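Worksheet for the structure shown next.
Only the coordinates and a few stated rules stand behind these numbers; no lab work does. These numbers come from a predicted model, not from an experiment. Cβ placement follows ideal geometry from the backbone for every residue including glycine, while neighbour counts extend to all protein chains displayed.
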Amino acid sequence: MRAILYTPVTEDVLKWFKMENMVLPTDKVNNTSLIIKKEV
């Protein structure tokens, strides 16, 4: 199995976006999904 690792999202990156929702993991997985919109 091959894993792809991404760097964590920082506040510096998010300053251009508005966070709509954050989906935290519910089981023994290590991933978090962010739903964001670009601020106009």
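Tell me the trypsin sites (Lys or Arg not before Pro) within the chain that lie in a loop according to DSSP and have at most 13 other beta-carbon atoms within 10 Å.
Details: sites: Arg2, Lys15, Lys18, Lys28, Lys37, Lys38; in loops: Arg2, Lys15, Lys28.
Taking the chain and a limit of 13 other Cβ atoms within 10 Å, the loop trypsin sites (Lys or Arg not before Pro) found are Arg2, Lys15, Lys28.
Hey, what number do you get for the chain at 222 nm if only DSSP H runs of n ≥ 4 count, each worth -39500 (n - 2.57), divided across all residues, to the nearest 500? If you can, show how the numbers build up before the last one.
Details: 1 runs with 4 residues, N = 40.
The helix-only estimate for the chain comes to -1500 deg cm²/dmol at 222 nm.
Have a look at the chain and give its Rg and Dmax from the Cα atoms, expressed in angstrom.
12.4, 40
Which of the chymotrypsin sites (Phe, Trp or Tyr not before Pro) found in segment 1-30 are in a DSSP loop and have at most 13 neighbouring Cβ atoms, other than their own, within 10 Å?
Values: sites: Tyr6, Trp16, Phe17; in loops: Tyr6, Trp16.
Loop-located and lightly packed - Tyr6, Trp16.
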